[in-house]
Amino acid sequence: MAKDHSVTQHAGSDGQFRRQESTFRSTIAPGTEHPPEKGRYILYVALICPWACRTLHVRALKQLEDIIDVAVLDWQLTEKGWTFNRRTKEATGDPVLGKQLIREIYHHDDPDYSLRYTVPVLFDKKTEKIVNNESSEIIRILYTAFDELLPDGSPAKGKTYLPAEHAAEIDELNGWIYDKINNGVYKTGFATKQEVYEAHVQNVFDGLDRVESILSDGRQYLVPGAGLSEADIRIYPTLIRFDAAYYVLFKCNIRSIRDGYPHIHRYLRNLYWNYPAFSDWTNFEHIKKCIQGYSSAGAANGIVPHGPVPSILPL
Ligand SMILES: N[C@@H](CCC(=O)N[C@@H](CS)C(=O)NCC(=O)O)C(=O)O
């Protein structure tokens, strides 16, 4: 059996949080161990998690709701990791193996697995194996792997969010947005030394300043020529959680999006209000509860912060 690590410890002795490399990195393709098949795969997710939600947004954009199943975990990251507790109406339990904890899914595949038990997990119900636990790869799998199963005439068929002619530009944005914003908020929030926190919080706001300046020409998408693209899909889950969660929980509070970044705020509300694939899979209740979930040992005292009110402003 794998030895346990501490789920609640995120930073090393130098006060720095370093995200581990995901280890399940297979794909879904015809003729492989994991061929595309309706109803064969399930995504294990927590709705508080931005990495998991990017896979849900793509699942919805690609109209794969009838093809790939979803299991929603409880909102709280406990000392045993994510659980299948069913305290909210969204929580599904584990419909495949009937497990109680996400770590049991990992150990079902690999009894020796001893790294972090993260979501999302893309799981093959037939082989009972984890296909992939890296969201940036899962979304790319979803762009194409199931296209042959989509009905003819479906606008999602053949639609990729990484068009070849814009791939380099999207990758360039992904690189620094990951470092400064997506992962930047975690590096800030999990820092356990003041000077480490100070450096990272500045980095987050440098990143937001840069995004604000890109969007200041009024564009609706980060790469206008590509329309909605992976760059937007990857930044959205962090931006939508920013004021409700990261501003409070991770002390990313130099400015809020709502009051400090008019162009990002406009851009974010456009994505939320005009794309059900984003809003349907944005659950502010779970997002706000995560503050309680992540801070059980800290000053949160089990209280879920009330604001911001409303959770998102109208367009
Ligand atoms: N590289 C992974 C990161 C996923 C990740 O860190 N998920 C967090 C939730 S937001 C998690 O499950 N954390 C549990 C833990 O670290 O114990 C991905 O993008 O898929």
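The values are calculated or read from the model by the stated rules, or taken from the named source; none is laboratory data. What you see is a predicted model, and the numbers here were worked out from it, not measured in a lab. No Cβ is skipped: glycine too gets one built from the backbone with ideal geometry, and neighbour counts run over all protein chains shown. Keep in mind that these areas ignore ligands, DNA and RNA; they rest on the heavy atoms of the full protein, side chains included. Shrake-Rupley method; radii C 1.70, N 1.55, O 1.52, S 1.80 Å.
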Can you tell me the relative contact order of the chain? Whole percent, Cα pairs under 8 Å, sequence separation 6 or more. 20 percent
Mean Cβ-within-10 Å packing, highest first, puts peptides 121-134, 159-172 in the order 121-134, 159-172
Among 94, 152, 69, which one shows the biggest mean-square fluctuation in a GNM of the chain, springs joining Cα atoms closer than 10 Å? 152
With all protein chains in place and a 1.4 Å probe, residue 306 shows an accessible area in Å² (nearest 10) of 150 Å²
Computed E for residue 112/residue 32 - FRET, C-beta separation, R0 30 angstrom, nearest 0.05: 0.80
Alpha-carbon spread of the stretch 164-279, three principal axes, descending order, Å: 42, 28, 25
In vacuum, with every alpha carbon of the chain counted as one equal point scatterer, what does the Debye formula give for log10 I(q)/I(0) at q = 0.06, 0.07, 0.08, 0.12 Å⁻¹? Two decimals, please. -0.19, -0.26, -0.35, -0.82
Long-range share for the stretch 132-174, i.e. C-alpha pairs more than 11 Å apart as a percent of all pairs, stands at 70 percent
Taking the alpha-carbon centroid of each part, what is the distance from the stretch 56-79 to the stretch 166-230 in angstrom? 24 Å
Directionally averaged shadow of the stretch 1-160, computed from the convex hull of its alpha-carbon atoms, nm²: 9.9 nm²
GNM flexibility winner over the chain from 135, 26, 13 (Cα, springs under 10 Å): 13
Using a 1.4 Å probe over the heavy atoms of the protein chains, calculate the carbon and sulfur portion of the accessible area of the chain as a whole percent. 50 percent
So what is the calculated 222 nm ellipticity per residue for the chain, using -39500 (n - 2.57) for each DSSP H run with n of 4 or more, over all residues, to the nearest 500 deg cm²/dmol? -10500 deg cm²/dmol
Convert each backbone phi in the stretch 35-46 into a coupling constant with the Karplus relation 6.51 cos²θ - 1.76 cosθ + 1.60 (shift: θ = phi - 60°), then list the ³J(HN,Hα) values in order as whole Hz, x for Gly and Pro. x, x, 7, 5, x, 8, 10, 9, 9, 8, 9, 10
Can you work out ³J(HN,Hα) from phi for every residue in the stretch 102-107, in order, using Karplus 6.51 cos²θ - 1.76 cosθ + 1.60 and θ = phi - 60°, giving whole Hz and x for Gly and Pro? 5, 4, 5, 5, 4, 6
